[in-house]
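**Student:** I'd like to ask you about the structure that follows.
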Amino acid sequence: MYIQESIKTKYPPGDLALWIFICAELLVFAIFFAAYAFTRASNIELFNQYQTTLNTDLALLNTIALLTSSYFVVSAIISIKENKQKQSTRFLFLSIIGGFAFLIMKMAEYSHHMSEGINLTTNLFYMFYLSLTFFHFMHVILGIMVLIILWLNTRKGLYTADNHGGLVSGGAYWHMVDLVWLILFPLIYIMR
Amino acid sequence: MEKSYRTNNIVFTTLVLLTLFTWILGQTDIIGDISEKIDGKEFFLILLSIAIIKVHLIGDFFMHLNTVSGFWRWIITLWAMLTGGFIAIPFLF
Amino acid sequence: MKYESQSVAKLYFIAAIGLFVGQIVFGLIMGLQYVIGDFMFPEIPFNVARMVHTNLLIVWLLFGFMGAAYYLVPEEAETELHSPMLAKLMFWVFLVAGALTILGYLLVPYATLAEMTGNHLLPTMGREFLEQPTITKIGIVIVALTFLYNIAFTVLKGRKTVITLILLLGLAGLAIFFLFSFYNPDNLVKDKYYWWFVVHLWVEGVWELIMASILAFVLIKTTGVDREIIEKWLYIIVAMALITGLIGTGHHFFWIGAPEYWLWWGSIFSALEPIPFFMMTVFAFNMVNKRRINHPNQPAVLWALGTAVMAFLGAGVWGFMHTLAPVNYYTHGTQITAAHGHMAFYGAYVMIVLAIISYAMPMMRGRKACNSAASQIVEMWSFWLMTIAMVFITLFLTGAGILQVWLQRFSDEPMSFMVVQDKIELFYWMREGAGVVFLIGLLLYVYSFFVGGEERTVEKKV
């Protein structure tokens, strides 16, 4: 990513069709976030009250898990550019671990809520909290599947310094999952 | 290539630090009630700005948009700013 | 035409066009009944005309989809159809069952039809669009399964392409979701759920896959653009259509007694349903601009571009107009819905079937690539007449709908339904006029098959 710093391209690295898909996904989340913010404005007390029941510490760890996982994906791409397939494979494996760490922590949170009998119909705040995080959760699962495919492909040696478009595209999708959480974290856990 | 790893490390560290900062702002038991120190609106603006900066960093470095020029260079940052803007409206007014 | 067995599609296409004419005739009858209430009463009451109008639409589109599959699957798989005999047999079974059902609607009262066909044994009748007697529904399942078997085995023994894969996925979904029509719970809320699982998941889910794959096939053939590029587009369009379409089902759950969160889920996800249609428009125009050949069959290209644009307008824009819960609170079940329904069905499904018919029919009738110039001119006239007429039908119904919402639901002193219907009569008359133009366009379309003359030839783009 840094080798051709002087030559700028017109389109983002990776598959353009995938980038269009990423844009569409980001749009969905943007609408959901805006809906949350606007609904909160007319239910401030309710939202503030129930926001304090969320586990901010776990959310922090979750953010770091996703960031670390993304960091390893970037490292994997740098390695492949040096033709170090073995190293790249290891990095991808670590990024998958990061993804799973997120899933496990999030599931712990969900089971805590479930044990308290909270569901989509409990109140408007939980409706948004559960919808948004669960929709994101599904994206994490899809993203991990993408990472696993990339990992298997790298292990088979399908990517090289000259040919690793698939890795860059798949990586971009995983970063998108990260981006969404970076907005979601302050919005739902902190802002009140 | 050394440079690539170094940039990657710097960006990652910055992201983690910003995340920790966001988290601390939410810890009323550590820093006390935030509303006594700063106005609620400033608080929201700080949090949203941090989020936008983080998204920008990921777009630019992790998603390699710093190698792109023109419209696509800004696509992720633009998304963050628009989303942040829409969120800001009800929080600020 | 590369494979002998592709020609079974011809039967299906002819039946489709025949039933299409029938559908429009009943549409006109019903349109007139909006303003002259007792027109043709008691022979054809409004509820019967409506049932025939909508059921014929579904049946002829199914004929069209099956024909399209029988035509394009052998060509994509590069092999003969698994069993052309079975395809022909199923055609006649479906046609006879369809005809008997329609005759049943027209000749005996609906309740008598229900009794005659043993509806009490497994009650499935009486729900909008799924009015078919249980025995017809069983017939549809048998035809659909046999058809799927035939198509799947053709795909399995030959080349597997993204187009056939997505088409197969769409067709399988079509068959599976139809099974929900057999479950008829007493609980009205549940009843509505299962009804939408058929109706919505068809037209806003799996049918979109069928449409996208047929469109991709026609574009590959008429533009000569690389398969790889088209397949990539197909993937993201399908992914988007499924995400928004499946969860977007929620926009039907607003007022049926479902939990409140559906107001949000339904609004947000269905608001995004225009995206795949928009992508399809961009995709179609992109491919035609990048074309490497100037295909001599101009109407086929026109239909393909037309379907992309009109589907976006009808399904996308007109759907979005009333999909958000706060808007739908006022517009639910008004003529706005009818406006959306007309343009969406025409744009997304009627036009895609006409596109594949337009592309395939000349070859199945023994020509090399396309019809004569004279025939093409007639067909393009029919394209514009039908499309413009449909735009006006939609606009008039939208006008009627807006006025209806205003007078009946929004104003300070709301009027009753029938009083309002009187007040919007003018719109109904204009809609009927546009409908007549549509029928003329359709008759021209049929006529275009009988115009002879010299055939055009394929040109390479310079």
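**Student:** Quick one: which of A:Leu158, A:Leu132, A:Leu94 is in contact with a Phe, Trp or Tyr (Cβ under 9 Å, 6 or more places away or on another chain), open to solvent by 10 Å² or more (accessible area, probe 1.4 Å) and away from chain B (no Cβ under 11 Å)?
**Tutor:** A:Leu94
**Student:** C:Arg367 passes all but one of (1) out of contact with any Lys or Arg (no Cβ under 9 Å at 6 or more places or on another chain); (2) open to solvent by 20 Å² or more (accessible area, probe 1.4 Å); (3) closer than 30 Å to C:Met415 by Cβ; which number fails?
**Tutor:** If we test C:Arg367 against (1) out of contact with any Lys or Arg (no Cβ under 9 Å at 6 or more places or on another chain); (2) open to solvent by 20 Å² or more (accessible area, probe 1.4 Å); (3) closer than 30 Å to C:Met415 by Cβ, just (3) comes out false.
**Student:** Looking at this structure, is C:Thr281 open to solvent by less than 30 Å² (accessible area, probe 1.4 Å), over 17 Å from C:Tyr349 (Cβ atoms) and either of a type in the set (Val, Ile, Thr) or under 23 Å from the mean Cα position of the chain (by Cα) (or both)?
**Tutor:** no
**Student:** If you go through region A:63-91 one residue at a time, how many are under 15 Å from the mean Cα position of the chain (by Cα) and at the interface with another protein chain (Cβ under 10 Å from one of its Cβ atoms)?
**Tutor:** Count: 10.
**Student:** Is there a residue in region C:94-106 that is in contact (Cβ under 8 Å) with a residue 60 or more places away in the chain, within 30 Å of C:Phe217 (Cα to Cα), aliphatic (A, V, I, L, M) and buried (at least 22 other Cβ atoms within 10 Å of the Cβ)?
**Tutor:** no
**Student:** Return the only residue of C:Leu89, C:Leu57 being crowded, with 22+ Cβ neighbours inside 10 Å, modelled with pLDDT of 95 or more, of a type in the set (A, V, I, L, M) and within 24 Å of C:Pro133 (Cβ to Cβ).
**Tutor:** Being crowded, with 22+ Cβ neighbours inside 10 Å, modelled with pLDDT of 95 or more, of a type in the set (A, V, I, L, M) and within 24 Å of C:Pro133 (Cβ to Cβ) holds for just one of C:Leu89, C:Leu57, which is C:Leu57.
**Student:** Also, quick follow-up: Which of (1) closer than 27 Å to C:Val21 by Cα; (2) modelled with pLDDT of 95 or more; (3) open to solvent by 80 Å² or more (accessible area, probe 1.4 Å) is the odd one out, the single condition C:Phe450 does not satisfy?
**Tutor:** Exception for C:Phe450: condition (2).
**Student:** Working only within region C:339-364, note down all residues that are of a type in the set (Phe, Trp, Tyr) and surrounded by fewer than 24 Cβ atoms within 10 Å (Cβ to Cβ).
**Tutor:** The one that is of a type in the set (Phe, Trp, Tyr) and surrounded by fewer than 24 Cβ atoms within 10 Å (Cβ to Cβ): C:Phe345.
**Student:** Further question: Looking only at region A:69-119, how many residues end up being free of Cβ contacts under 8 Å to residues at least 60 places away in the same chain, part of a helix (DSSP H, G or I), basic (Lys, Arg) and closer than 24 Å to B:Ile58 by Cα?
**Tutor:** Result for region A:69-119: 2.
**Student:** Just to be sure I understand the filter: pairs with C-beta atoms under 7 Å, separated by 6 or more residues or on different chains, first member in region C:229-258 and among the charged types (D, E, K, R), second member part of a helix (DSSP H, G or I). Which pairs pass?
**Tutor:** That search, which allows pairs on different chains as well, returns C:Glu231/C:Val162; C:Lys232/A:Ala17.
**Student:** So C:Lys221 fits all but one of (1) open to solvent by 20 Å² or more (accessible area, probe 1.4 Å); (2) more than 17 Å from C:Ala300 (Cα to Cα); what number is the exception?
**Tutor:** (2)
**Student:** A further question on this structure: Between a first residue in region A:162-182 that is on the phi < 0 side of the Ramachandran plot and a second residue that is among the hydroxyl-bearing types (Ser, Thr, Tyr) and open to solvent by less than 20 Å² (accessible area, probe 1.4 Å), which pairs have beta carbons less than 6 Å apart while being 6 or more apart in sequence or on different chains?
**Tutor:** From residues that are on the phi < 0 side of the Ramachandran plot, the pairs are A:His175/A:Ser70; A:Asp178/A:Ser70.
**Student:** Let me ask something else. Give region C:257-289 a look and list any residue that's in a loop (DSSP other than H, G, I, E, B) and farther than 17 Å from C:Ala315 by Cβ, or say none.
**Tutor:** C:Gly257, C:Ala258, C:Pro259, C:Glu260, listed by residue number.
**Student:** Given A:Ile188, A:Ile148, which one is within 16 Å of the chain's Cα centre (by Cα), part of a helix (DSSP H, G or I), of a type in the set (Val, Ile, Thr) and over 30 Å from A:Leu46 (Cβ atoms)?
**Tutor:** Matching residue, one of A:Ile188, A:Ile148: A:Ile148.
**Student:** From the residues in region B:51-70 that are open to solvent by 10 Å² or more (accessible area, probe 1.4 Å) and more than 7 Å from every other protein chain (Cβ to nearest Cβ), which one is nearest to A:Ala76 (Cα to Cα)?
**Tutor:** The selected residue is B:Phe61.
**Student:** Ok, one more. Tell me, which helices (runs of 4 or more DSSP H) lie completely within region B:18-93 with 1 or more residues that are touching a strand residue (DSSP E or B) at 6+ places or on another chain (Cβ under 6 Å) and modelled with pLDDT of 95 or more?
**Tutor:** none
**Student:** Being part of a helix (DSSP H, G or I) and surrounded by 19 or more Cβ atoms within 10 Å (Cβ to Cβ) narrows it down to one of A:Leu46, A:Leu58, A:Leu66, A:Leu27, so name that one.
**Tutor:** A:Leu66
**Student:** Further question on the same structure: Against the conditions (1) open to solvent by less than 10 Å² (accessible area, probe 1.4 Å); (2) more than 12 Å from chain B (Cβ to nearest Cβ), where does A:Trp181 fall short? Just the number, please.
**Tutor:** Just one mismatch for A:Trp181, condition (2).
**Student:** Now a separate question. Quick check: anything in region A:104-111 within 14 Å of another protein chain (Cβ to nearest Cβ) and surrounded by fewer than 18 Cβ atoms within 10 Å (Cβ to Cβ)?
**Tutor:** No, region A:104-111 contains no residue that is within 14 Å of another protein chain (Cβ to nearest Cβ) and surrounded by fewer than 18 Cβ atoms within 10 Å (Cβ to Cβ).
**Student:** I'm checking my understanding of the structure. Among residues of region C:162-196 that are β-branched (Val, Ile, Thr) and touching a residue at least 12 places away in the same chain (Cβ under 8 Å), which one is farthest from C:Arg127 (Cα to Cα)?
**Tutor:** C:Val162
**Student:** Just give me the residues in region C:224-249 being within 14 Å of chain A (Cβ to nearest Cβ), open to solvent by less than 30 Å² (accessible area, probe 1.4 Å) and under 21 Å from the mean Cα position of the chain (by Cα), in sequence order.
**Tutor:** Of everything in region C:224-249, those that are within 14 Å of chain A (Cβ to nearest Cβ), open to solvent by less than 30 Å² (accessible area, probe 1.4 Å) and under 21 Å from the mean Cα position of the chain (by Cα) turn out to be C:Leu234, C:Ile237, C:Val238, C:Met240, C:Ala241, C:Thr244, C:Gly245, C:Gly248.
**Student:** Does C:Ala175 satisfy the condition of being open to solvent by less than 20 Å² (accessible area, probe 1.4 Å), within 16 Å of the chain's Cα centre (by Cα) and farther than 26 Å from C:Ala284 by Cα?
**Tutor:** So C:Ala175 fits the description; yes.
**Student:** Next question, about the same structure. Say whether the condition of being more than 8 Å from chain B (Cβ to nearest Cβ), within 16 Å of A:Thr133 (Cβ to Cβ) and not small (Gly, Ala, Ser) is met by at least one residue in region A:6-29.
**Tutor:** Yes, region A:6-29 has at least one match.
The values are calculated or read from the model by the stated rules, or taken from the named source; none is laboratory data. What you see is a predicted model; the values in this text were computed from it and never measured. Every residue, glycine among them, receives a Cβ derived from its backbone with ideal geometry; neighbour counts consider all protein chains shown. These accessible areas exclude ligands, DNA and RNA; they are computed on the full protein's heavy atoms, side chains included. Shrake-Rupley method; radii C 1.70, N 1.55, O 1.52, S 1.80 Å.
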